[in-house]
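Read the structure below first, then the notes.
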Amino acid sequence: MNQFRRALAISCKDIESYYGKPPLITWGLLFPAVLILSLYVKDPATYLAIAPGVIAMTLLFGNTSMAAIVVTFEKRAGTFQRLLLAPLSMRTIILGKAASASAYGLASALALSLGLKLALGMPMVNPLIFATGLVLGAGCFSLLGLTAAVMVREVFEAMTLMNFFRFPILFVSGIFMPLAQLPSWLKPLALASPLTYVVELLQLGVTGQSAFATPVVPLLAGLLFLFASWLLAEAIFRRRGNA
């Protein structure tokens, strides 16, 4: 069995054991859907300004939280240590875990997007760019969730650690306020956030508009953050695996 098929087996096991549970599915959908609906009821003309950002936020919290929960549960049960001792490369384990977490985030984001299109008539100017933004965001955030989870033992420790970066980037990444309207001293922080580029790609896909002159900029930045997240996750996994 090649490494890709082994990674796929890890992903299928995680989806069957954890991600396919109804409480997790409803948790991933209800909060962002209610948030967008409340904004739509308040002002139907402006909900599109925040819808792509809320979809990106769904990816951020869904992927990081679920990846962290699965790894910490398995560490407590001792199954994660057995996985590290199995004849699998570290990259296979990371790929399998990240793929299952990404699948959960993508399914939640796509279900939310489909609901917005059917219920509120959300446009879709460029579906390819929109899908690219979802994939890049799901991969990057899943890897960051795995990295945080493997550094601690308990779920609450992983959540506390992730909240140190999730909440700050939530407010500087163009979700609630466009990049062009951010104060000048906040813009460098926004450009250092991976969430910013995911929001801009989703915004381009939905409305065709972005703070960047060309989609190449958020696309390349998203790829760079995905690659950096992989290197970080691999380094932390190897250090913990050798501990």
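Each value in this text was obtained by applying a stated rule to the coordinates, not by laboratory testing. Not measured: the values here are computed from a predicted model. Using ideal geometry, Cβ is built from the backbone for each residue, glycine included, and neighbour counts are taken over all protein chains shown.
In region 122-220, which chymotrypsin sites (Phe, Trp or Tyr not before Pro) are in a loop and have at most 11 other Cβ atoms within 10 Å, using DSSP for the loop call?
For chymotrypsin sites (Phe, Trp or Tyr not before Pro) across region 122-220 that sit outside H, G, I, E and B with at most 11 neighbouring Cβ atoms in 10 Å, the list reads TRP185.
How long are the semi-axes of the equivalent ellipsoid of region 34-105, taking √(5λ) for every eigenvalue λ of the Cα gyration tensor, in whole Å from largest down?
Value: 38, 12, 6 Å, ordered largest first.
If you take the beta carbon distance between ARG76 and VAL217 as r and set R0 to 45 Å, what does 1/(1 + (r/R0)^6) give as a FRET efficiency, to the nearest 0.05?
Given R0 = 45 Å and the Cβ-Cβ separation, E is 0.60.
Only four residue types carry charge here, +1 at the Cβ of Lys and Arg and -1 at the Cβ of Asp and Glu. Report the dipole size of the chain about the Cα centre in Debye, rounded to the nearest 20.
It works out to roughly 660 debye.
Compute the FRET efficiency between LYS187 and PHE164 as 1/(1 + (r/R0)^6), taking r as their Cβ-Cβ distance and R0 = 25 Å, and round to the nearest 0.05.
Here the calculated transfer efficiency is 0.75.
Report the FRET efficiency, 1/(1 + (r/R0)^6), for GLN3 and LEU110, where r is their Cβ-Cβ distance and R0 is 22 Å, rounded to 0.05.
FRET efficiency, GLN3 to LEU110: 0.20.
Give me Rg/Rg_expected for the chain, where Rg uses Cα atoms only and Rg_expected = 2.2 N^0.38 Å with N residues.
1.01
Pop out the ³J(HN,Hα) list for region 49-55 in order, Karplus 6.51 cos²θ - 1.76 cosθ + 1.60 with θ = phi - 60°, rounded to Hz; leave Gly and Pro as x.
Each residue of region 49-55 in turn: 5, 10, 4, x, x, 5, 4 Hz.
How large is the direction-averaged shadow of the alpha-carbon convex hull of region 92-224, in nm²?
9.0 nm²
Can you work out ³J(HN,Hα) from phi for every residue in region 140-155, in order, using Karplus 6.51 cos²θ - 1.76 cosθ + 1.60 and θ = phi - 60°, giving whole Hz and x for Gly and Pro?
The phi angles translate into 5, 5, 5, 5, 5, x, 4, 4, 5, 5, 6, 7, 10, 10, 9, 4 Hz.
Just to be sure I understand: with springs between alpha-carbon atoms less than 10 Å apart, which residue in SER229, SER184, SER173 has the highest mean-square fluctuation in the Gaussian network model of the chain?
Most flexible of the set in this elastic network: SER184.
Stretched out fully, how many nm does the piece from ALA180 to LEU232 gain, at 0.36 nm a residue minus the Cα gap?
That works out to 15.7 nm of additional length.
Can you tell me the dipole magnitude for region 124-243 around its Cα centre, using point charges on the Cβ only (Lys, Arg +1; Asp, Glu -1), in Debye to the nearest 20?
The calculation lands at about 220 debye.
Once the dipole of the chain is set up with Lys and Arg at +1 and Asp and Glu at -1 on Cβ about the Cα centre, which of ALA49, LEU146, ASN63 lies farthest towards its positive end?
LEU146
Let's see if you can work this out: charge +1 on each Lys and Arg Cβ, -1 on each Asp and Glu Cβ, no other charges. What is the dipole magnitude of region 63-188 about its Cα centre, in debye to the nearest 20?
In debye, rounded to 20, region 63-188 gives about 140.
Cα atoms only, region 161-243: Rg and Dmax in Å?
In order Rg, Dmax, the Cα atoms of region 161-243 give 14.8, 48 Å.
Read phi for every residue in region 227-232 and hand back ³J(HN,Hα) as whole Hz from Karplus 6.51 cos²θ - 1.76 cosθ + 1.60, θ = phi - 60°, with x for Gly and Pro.
Couplings: 5, 5, 5, 5, 4, 5 Hz.
Hey, rough spin-label estimate for ALA119 and LEU224, points 7 angstrom out along Cα→Cβ, what's it come to in nanometres?
So the two model labels end up 3.7 nm from each other.
What ratio of Cα Rg to 2.2 N^0.38 Å holds for region 66-107?
1.18
Can you give me the angle between helix 194-207 and the longest principal axis of the chain, using Cα atoms only, in degrees from 0 to 90, rounded to the nearest 10?
The answer is roughly 50 degrees.
7 Å from Cα along Cα→Cβ at both ALA86 and SER17: what's the point-to-point distance in nm?
In this crude spin-label approximation the distance works out to 0.8 nm.
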